[in-house]
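Below you'll find the structure, written out as structure tokens, and then a few comments.
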Amino acid sequence: MSLFICGNSHTAAIKQGMIRVGKKPADVHIFALGSGAYETAPFSDLRNDRVFFSEPLFTERLKTATSEESIDDSHIWGLVTGTHNSRILRGEFWKQAAPTYLDHPNLRPVSRAVVDAIIDDDQRYIRTFLAQLKQINAKFFVISCPPVRRNSVIAESGIPLDVIAAIDSRARQRFTDWLTEQGIPFIAPPEGTIDDQGFLLNEYSQQKTVGGKRDPHHANADYGTLMYKKVQEFLAQNYPDAMQAAS
Amino acid sequence: MPSNPYESQPPKAFWRSGVSERNLLGISDIFQPKFEIDRTVRISCAGSCFAQHIGAQFKKRGFNYIDLETPPPALSRERWHVFGYDLYSARYGNIYTPRQLIQMLARARDELKPVEAAYIDDNGRARDPFRPAIEPDGFADIDELESDRRYHLSQVDSMLDQTDLFVFTLGLTEAWECIGDSVVLPTCPGTVGGTFDPAKYRFKNFDYEETLQDMNAFIALAREKNPKMKFLLTVSPVPLTATATDQHVLPATIYSKSVLRAVAGALSQKHDFVDYFPSYELIASHPMRAMYYMPNLRNVAAEGVAQAMDVFFFAIGDQSADIERSDQATPVEASSDDLVCEEAILETFSQ
């Protein structure tokens, strides 16, 4: 039985954290499936008690990491997905609009129901994927993506910070409520990495890519280290066999 | 010189050559537009539910269609209509009577403050009596309703300033009004929100004079905003779901449609800036043998809508069927960010 941690680009910080920590459970592999852009369209299929990716890039990376072209119930999966909420906020719309419960009289009001519908639309293919894993009795848990950053591209584009915080918070709430309903474990961002408004603290923000470009929204290795330790704690409690080599 | 005026009439003027000996699927001379409608004309649309089809076709064919309350781009397309987006030029829902139309504009100008402010249910959720289905479960509370309504009416108030052609589908003569201030509601309280109280609401069946008067009032108001504004009228071919009169629903429907058709005809005859497109005749008249209705003889089949719209766009000289709208919602994921995400993945996992 192996442990695979995979998901969108926020998986990278956890990989960096694992390298820093320097020891790992018996057979743990961390790999990325692809950017969060792929989560906005159907990307998985359920066939013959296995979950396949309909997105070719995901299949390719799954095969590279696991030698398998699909997921069954034989391994443990930590999935970094479902809380990459900057995707909902991009573009021009939220520069001119705000949820009705915020005090922005000069912006177009958007009802709670419409906000929730937008969020549910964004999460629907992720929820489909996770529901398929449940159907095949796969052993898995969800690892949170880091919260939105104050210095993210969306914040600098002119979207009010309280709008960003409110949408990110609401989206996280709806996703975790759904996970709870489904009985799917969720590992929240590490304590002490988030400010009062819910933004990722600057010291946990990845500032530049290795290539030197500005990184607009990922967390750094410090964050990844804390998150990796939380994952270890979760595994120790829930899958002690998987932790034997780490002790 | 002809011996009588009919001798010089074209074939379409005679029942035999215009209808009974014609393939009505190919009927194209039923409508001769009074004025040009090209893609520079700013078009707004309102009316009963059949008007949605007309607006949709203008959008689909790339005309300059005004939509002042566009759907949030991250909201999936299948939810747009559920939340009242993409139906008309603002998020006002169906406007069945001319009285409802002019009262909406009066509310937008703050000249009318209805007594009926909201329908509040036992859970505190609030529905707008003037567009009760605009949020399928109602607004979260009265504050949310009022906030949304303020914005909505501000958009309605600006609509006529931005309109060159106003398309209006007359739907019904039957309505319910509040006794306190004679404000007309789109639906009977107790059907889509609210509670029916005969002490508060009364039935109203508008007659020809009232309907004509209301349409004239609307046209005058609209041309105050834009003196060159033109109007395209249609009559909904959708029968009444039910009548509140003591009549059978069939004659009640025929009365209603006859009044509306007569008003549209009178306005079209009187004004060179008002045109009437006979979608009603193309779908509901007896030569069509009800073939464009669904089995319940009420709902119009997509083929009927398509046929009527093809006739319209052919008549105005537009052959561009199935052009997708240029302003379709674009994916929210920005490509530059995706590249950074992929870069982060490649850098980390290639080590």
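Please treat every number below as a calculation from the coordinates, not as lab data. Remember, predicted model here, so these are calculated numbers, not experimental data. So basically every Cβ, Gly included, is an ideal-geometry build from the backbone, and we count neighbours across all protein chains shown.
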Point to revise | Computed FRET value (nearest 0.05) for A:Lys229 with B:Arg150, which takes r as the C-beta separation and R₀ as 56 Å | key: 0.70
Review point. Between A:Val110 and residues 5 or more places away or on another chain, which pairs have amide H atoms under 5 Å apart, with H built 1.01 Å from N, and which residues are they?
Key: A:Ala98, A:Thr100
Check your understanding: Out of residues 5 or more away from B:Tyr65 or on other chains, whose amide H comes under 5 Å of its own, with H placed 1.01 Å from N in the peptide plane?
Key -> B:Ile43
Review point. How large is the dipole of chain A about the Cα centre if only Lys and Arg carry +1 and Asp and Glu carry -1, each at its Cβ, rounded to the nearest 20 debye?
Key: 440 debye
Review point. Is the stretch B:34-346 best put as rounded, prolate or oblate by its Cα gyration tensor, with a ≥ b ≥ c the root eigenvalues, rounded for a/c under 1.5, and otherwise prolate when a/b is larger than b/c, oblate when not?
Key: oblate
Point to revise | Long-range HN-HN contacts of A:Ala219 with modeled amide H, under 5 Å | key: A:Gln206
Exercise for review: Indicate the gyration tensor shape class of the stretch B:132-249 (rounded, prolate or oblate), computed on the Cα atoms with a ≥ b ≥ c the square roots of the eigenvalues: a/c under 1.5 is rounded; otherwise a/b larger than b/c is prolate and the rest oblate.
Suggested key: oblate
Practice item. Give me the distance between the Cα centres of the stretch B:203-252 and the stretch B:39-75, rounded to whole Å. Key: 21 Å
Review point. So, with +1 on the Cβ of K and R and -1 on the Cβ of D and E, and no other charges, what is the size of the charge dipole of the protein assembly as shown about its Cα centre, to the nearest 20 debye?
Key: 520 debye
Study note, to complete from the structure: Percent antiparallel among DSSP beta bridges confined to the protein assembly as shown, rounded to 5, stands at 35 percent
**Study point:** Unsatisfied cross-links (Cα-Cα over 19 Å) in the set B:Lys34/B:Lys230; B:Lys12/B:Lys257; A:Lys15/A:Lys229; B:Lys34/B:Lys270
**Key:** B:Lys12/B:Lys257
Review point. Among B:His286, A:His104, which comes first, then next, by fewest other beta-carbon atoms within 10 Å?
Key: B:His286, A:His104
Exercise for review: Can you find, among A:His218, A:Cys6, A:His84, the residue farthest towards the positive end of the dipole of chain A? Put +1 on the C-beta of Lys and Arg, -1 on that of Asp and Glu.
Suggested key: A:His218
Review point. Using +1 on the beta carbon of Lys and Arg, -1 on that of Asp and Glu, and nothing else charged, what's the dipole of the stretch A:111-176 about the Cα centre, debye to 20?
Key: 320 debye
Review point. If we count other beta carbons within 10 Å of each Cβ, what is the order of B:Val115, B:Val238, B:Val19, fewest first?
Key: B:Val115, B:Val19, B:Val238
Review point. Where a ≥ b ≥ c are the square roots of the eigenvalues of the C-alpha gyration tensor, would you call the protein assembly as shown rounded, which needs a/c under 1.5, or, failing that, prolate if a/b is larger than b/c, or oblate?
Key: prolate
Practice item. Quick one: what are the phi-derived ³J(HN,Hα) couplings along the stretch A:118-128, Karplus 6.51/-1.76/1.60 with θ = phi - 60°, whole Hz, x for glycine and proline? Key: 4, 5, 4, 4, 5, 8, 5, 6, 5, 4, 4
**Study point:** Alpha-carbon centroids, the stretch A:20-91 and the stretch A:213-241: separation in whole Å
**Key:** 16 Å
Exercise for review: Scan the stretch B:5-42 for GluC sites (Glu not before Pro) in coil per DSSP, keeping those whose Cβ has at most 14 other Cβ atoms within 10 Å, and list them by number.
Suggested key: B:Glu21, B:Glu36
Check your understanding: When chain A is modelled as a GNM with alpha-carbon springs shorter than 10 Å, which of A:Leu107, A:Leu79, A:Leu161 fluctuates the most?
Key -> A:Leu107
